[in-house]
Amino acid sequence: MSDTEDDITKHPLGKYLDEEMEPTSSKKFDIDALIEQAKEGQFFDPVTIKLICLKARELLVEEENVVQVSAPVSLVGDIHGQFHDLLEIFKIGGEIPHTNYLFLGDYVDRGAYSIETIMLLILFKIRYPQRVTLLRGNHESRQITQIYGFYTECQRKYGNPNAWKYVTDLFDYLPIAAFIDDSIFCVHGGLSPLLQNIDYVKEINRFREIPHEGAFADLMWSDPDADLDGFKISPRGAGFQFGCDVVKRFIECNNISKIYRAHQLCMEGYLILFDGTMNTVWSAPNYCYRYGNLASINEIDEHLNDFFNVFSCSPENAEESKDNDGDRVKTPLSSKSKHKEIDYFL
Ligand SMILES: [Mn+2]
């Protein structure tokens with residue numbers, strides 16, 4: 001891996017690093033212009049990426065492990081580098097800043113546009129910090145991104161891994177969970193046998209690579225299982241599976257109404273479990289350009305009524321499946337046994 005660091009002091013934007021990023025300022029770091037470029041899928045050079053990540057870090061370091069979020073807010077599940085489908089989300093769910101968004105992690109890997117996806121989200125976070133919340137998922141990790149695509153994508157697009165390094169360094173600052181109006185707990189994966197109380201999440205040292213085990217890992221990796229009582233080691237190789245009793249106990253103990261999470265592919269775009277107390281939102285339609293699944297965002301209104309807004313893939317996604325994966329796209333995994341297989345897809 002390259003140790004070469006990009007020198008930000010030589011970059012035209014470098015001297016503005018310590019200044020406020022101001023919208024529509026021609027002199028300073030022009031965040032609105034960067035957002036427009038990012039929306040068009042334009043490439044940023046690694047030095048610009050480094051500066052943007054350092055700016056975002058200043059904001060994220062101030063956030064609690066469990067971010068307090070107010071309704072109305074729309075929840076977004078896994079995106080996995082499907083940039084054009086992310087743009088589709090803003091079309092169906094409302095543009096930022098007119099709609100508040102809480103993203104539940106897994107922005108990168110698998111899809112072809114991890115860097116475009118994460119840069120747009122980071123820029124939105126910098127521009128509208130109160131309207132955009134970005135949580136960490138199990139793929140916001142140096143180790144996982146070296147296996148599942150993001151590292152390779154940066155290496156291919158830039159010829160070196162520097163962009164990957166700046167973004168994965170920022171991942172260490174993403175908060176772990178969110179709490180909507182003291183009533184709805186949101187996390188990427190699920191619950192942990194080591195963690196009965198939401199207050200314990202606040203004690204975790206999150207400013208590091210996601211560990212292989214322990215409460216932090218479990219929050220990123222675990223899954224509910226409708227056929228289970230208690231906890232069981234997860235077949236994913238990290239985290240646990242947990243049953244309805246675990247969820248009911250957590251809800252009672254913390255005096256909350258329900259839990260929202262992402263992390264598992266749902267063919268219909270979402271899954272409601274345990275009398276509506278444990279809901280999965282999945283936001284990558286036609287996942288990996290081949291699964292033929294729907295996706296959704298969950299729109300929570302100011303009275304905490306919620307609605308799964310279901311959508312299918314963007315035209316660009318459909319093209320991608322034709323171009324790259326023509327043979328595999330003809331076999332959407334719909335049979336029961338195959339469905340089980342994709343449940344545990346990383
Ligand atoms: Mn995940």
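Derivation of every value follows stated rules applied to the coordinates shown; laboratory data play no part. Fair warning: this is a prediction, and the values are worked out from it, not measured in the lab. Cβ: placed from backbone, ideal geometry, glycine included. Neighbour counts: every protein chain shown.
Odds and ends about this structure:
- Computed from Cα positions, the angle between helix 83-93 and the longest principal axis of the chain comes to roughly 70 degrees.
- Cα-projected label distance for Lys202 with Asn305, points at 7 Å along beta-carbon direction, nm: 3.2 nm
- For Lys258, the amide hydrogen comes within under 5 Å of the amide hydrogens of Phe185, counting only partners 5 or more places away or on other chains and with H modelled in the peptide plane.
- Nearest 10 degrees, 0 to 90: helix 46-60 Cα axis against the chain principal axis: 50 degrees
- Long-range amide H partners of Ser296 with built H, under 5 Å: Trp282, Ser283, Ala284, Phe311
- Only beta bridges with both residues in the chain are counted; by DSSP, about 50 percent of them are antiparallel.
- Maximal additional length on extending the Leu54-Ser183 stretch stands at 43.2 nm, based on 0.36 nm per residue less the C-alpha distance.
- Among Phe207, Phe124, Phe311: highest mean-square fluctuation, GNM of the chain, C-alpha pairs under 10 Å: Phe207
- Among Gln42, Gln241, Gln264, residue whose mean-square fluctuation peaks in a GNM of the chain (springs only between Cα atoms under 10 Å): Gln42
- Among the listed pairs Lys91/Lys248; Lys202/Lys258; Lys91/Lys258; Lys55/Lys165; Lys39/Lys125, those with a Cα-Cα distance over 25 Å are Lys91/Lys248; Lys91/Lys258.
- Geometric descriptor of the chain, per residue, is 129 Å³ (volume of the convex hull of the Cα atoms).
- Across the chain, the mean sequence separation of Cα contacts (distance under 8 Å, 6 or more residues apart), normalised by length, yields a relative contact order of 17 percent.
- The stretch 191-324: antiparallel DSSP beta bridges as a percent of all, rounded to 5: 70 percent
- For the stretch 66-110, taking Cα atoms only, Rg and Dmax work out to 11.1, 31 Å respectively.
- Where labels lie 7 Å past Cα in the beta-carbon direction, separation of Gln130 and Lys91 in nm: 3.1 nm
- Close amide H pairs (under 5 Å, H built 1.01 Å from N) link Asp182 with Val69, residues at least 5 positions away or on another chain.
- Alpha-carbon centroid distance for the pair the stretch 56-71 / the stretch 232-258, whole angstrom: 24 Å
- Rounded to the nearest 500, the 222 nm mean residue ellipticity of the chain from helices alone is -9500 deg cm²/dmol, with -39,500 (n - 2.57) taken per DSSP H run of at least 4 residues.
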